[in-house]
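**Q** Next up is a structure, given as structure tokens.
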């Protein structure tokens with residue numbers, strides 16, 4: 001568009017908030033993401049919006065690995081608020097924190113020797129200051145290593161919340177994904193090469209088998225995600241019932257058991 005007009009759309013934002021953004025010591029990548037957020041919230045007259053990494057990459061030209069790190073920095077600095085984490089079915093939701101007094105200066109790991117340091121390319125290789133002076137080689141290496149370490153740390157974590165949310169939805173329970181023991185079981189299975197889909201299948205298998213019976217109490221992370229995980233994963237429907245055919249079922253009387261097994265009732 002060669003001649004932008006208000007009639008084609010505009011972003012309504014308080015001057016105080018816009019001035020706070022312009023006066024803060026944000027780097028170029030952070031500003032890109034902030035303006036993308038402002039455009040897609042205030043630009044549509046809403047407080048929050050879907051803000052997936054793919055969506056931000058399309059709106060800013062930044063690489064997804066850079067986006068993860070920069071969003072982390074803005075969240076740590078209390079500049080943005082993640083109102084909803086991403087799930088299997090829906091993207092992350094984000095809003096700008098209007099309480100400017102809560103904003104902090106860039107966290108230490110994002111500081112560089114020159115204010116206004118800008119990360120300008122989607123590959124992360126062109127790092128320069130707003131004055132056009134290149135950052136020294138060592139600073140360049142340090143900055144890229146910090147991004148790499150933080151991104152890898154974030155990506156290496158199994159999706160604890162998604163797995164436990166799925167378990168709770170299937171069982172009607174309320175387990176917390178933050179528990180150290182729960183995360184330890186999930187970590188152990190991921191280390192063995194199992195996937196999120198494997199966790200979901202185990203949950204489905206055992207919920208179908210145990211829910212509503214005496215074994216329902218064992219629909220819990222330490223049992224489902226423990227050392228018997230592989231057996232639960234490869235279990236065929238009806239397998240447990242076949243194994244327990246010679247046992248008295250929950251709520252079954254001794255007389256009914258004998259009738260079922262031997263075809264005769266006790267006198």
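**Q** FRET efficiency for residue 214 and residue 50, Cβ-Cβ distance as r, R0 = 45 Å, nearest 0.05?
**A** That gives a FRET efficiency of 0.55.
**Q** At a Förster radius of 25 Å, what calculated FRET efficiency corresponds to the Cβ-Cβ distance of residue 103 and residue 176, to the nearest 0.05?
**A** Efficiency computed from Cβ-Cβ geometry: 0.25.
**Q** Could you work out how much longer the chain between residue 192 and residue 25 gets when fully extended? Use 0.36 nm per residue separation minus the Cα distance between them, nm to one decimal.
**A** 55.7 nm
**Q** Here's another thing I want to ask about it. Could you please rank 190, 35, 44, 225, placing first whichever residue has the fewest other Cβ atoms within 10 Å of its Cβ?
**A** Fewest to most other Cβ atoms nearby, the residues stand as 44, 35, 190, 225.
**Q** How much length would be gained if the chain were fully extended between residue 13 and residue 83, taking 0.36 nm per residue of separation minus their Cα-Cα distance, in nm to one decimal?
**A** Result for the pair: 23.2 nm of gain on full extension.
**Q** Now for a separate question. Sorted from fewest to most neighbouring beta carbons within 10 Å, what does the list 175, 10 look like?
**A** Least crowded to most crowded, the residues run 10, 175.
**Q** Simple spin-label model, 7 Å along Cα-to-Cβ: residue 184 to residue 3 in nm?
**A** For residue 184 paired with residue 3, the spin-label model returns 7.0 nm.
A short reminder: the numbers here are calculations on the coordinates, not readings from a lab. Quick caveat, the model's predicted, so the values are computed rather than measured. For neighbour counting, all protein chains shown are included, and Cβ atoms are generated from backbone atoms with ideal geometry for every residue, glycine included.
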